[in-house]
Amino acid sequence: MEQQNIRPGHLTAHQTARLLGVQLDAVRQLVRRGHLKRSGGTPRQPWYAARDVAALAAKRRTLDAA
């Protein structure tokens with residue numbers, strides 16, 4: 001895969017999947033369902049805002065603990 005220069009405060013789809021503990025397809029589903037929004041990159045290599053990913057990860061942990 002080609003390396004890309006990513007803006008500070010953003011994560012690649014692979015990094016996002018790793019932080020959320022899901023597969024890449026699950027990241028695409030989260031976007032499709034409106035739980036996560038792309039914030040840059042390209043259609044094939046999207047970026048996600050790190051704060052949005054952190055908020056979603058915290059929300060998922062809260063739901064898992066309940």
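Table: residues versus (1) in a loop (DSSP other than H, G, I, E, B); (2) surrounded by fewer than 13 Cβ atoms within 10 Å (Cβ to Cβ); (3) over 10 Å from the mean Cα position of the chain (by Cα).
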site	(1), (2), (3)
Leu11	no, no, no
Thr16	no, no, no
Leu19	no, no, no
Leu30	no, no, no
Arg44	yes, yes, yes
Arg60	no, no, yes
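Out of Asp64, Asp52, Asp25, I need the residue that is at pLDDT below 95 and assigned to a helix (DSSP H, G or I). Which one?
Asp64
The values are calculated or read from the model by the stated rules, or taken from the named source; none is laboratory data. Just so you know, these numbers come straight off a predicted model, no measurement behind them. So basically every Cβ, Gly included, is an ideal-geometry build from the backbone, and we count neighbours across all protein chains shown.
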